Amino acid sequence: MDKWLRPFRQATDAMSQSKVPTISVAYAHFIMLQNTLRRAYGELPTDSAADRLKSAISQAHVKLSEYVGLFAESKYFFWASCKLYPPDRTLN
């Protein structure tokens, strides 16, 4: 369980220590946490003893998905991404 919770602690520490909070940093942390939860869910046994834990992991994933959706729909997130990657700039 420690390996599942440690990324949440690390993300919390990183975001709280940032002097300038940005949507892109939070977005990246939330995506990383979703991936962590997806892996944790897949590592659980299929027996009924793990059902409550699977339910909790699913609920946490859904909540993170809601936040990621808010970022994706945000006009500020879109604006910032256009500033970082204008249409005329090629990505190498």
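The values are calculated or read from the model by the stated rules, or taken from the named source; none is laboratory data. Everything numeric here is computed off the predicted structure, so don't read it as measured data. Positions of Cβ are generated from backbone atoms using ideal geometry, with glycine treated the same way; all protein chains shown enter the neighbour counts.
Assorted remarks:
- Residue within the range 73-81 that is on the phi < 0 side of the Ramachandran plot, exposed (fewer than 12 other Cβ atoms within 10 Å of the Cβ) and modelled with pLDDT of 75 or more present: yes
Matching residues to (1) over 11 Å from the mean Cα position of the chain (by Cα); (2) within 19 Å of residue 3 (Cα to Cα):
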site	(1), (2)
17	yes, no
30	no, yes
36	no, yes
41	yes, yes
46	yes, no
50	yes, yes
61	no, yes
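- If only residues of the range 1-27 that are surrounded by 15 or more Cβ atoms within 10 Å (Cβ to Cβ) and of a type in the set (Gly, Ala, Ser) are counted, the one that is nearest to residue 68 (Cα to Cα) is 26.
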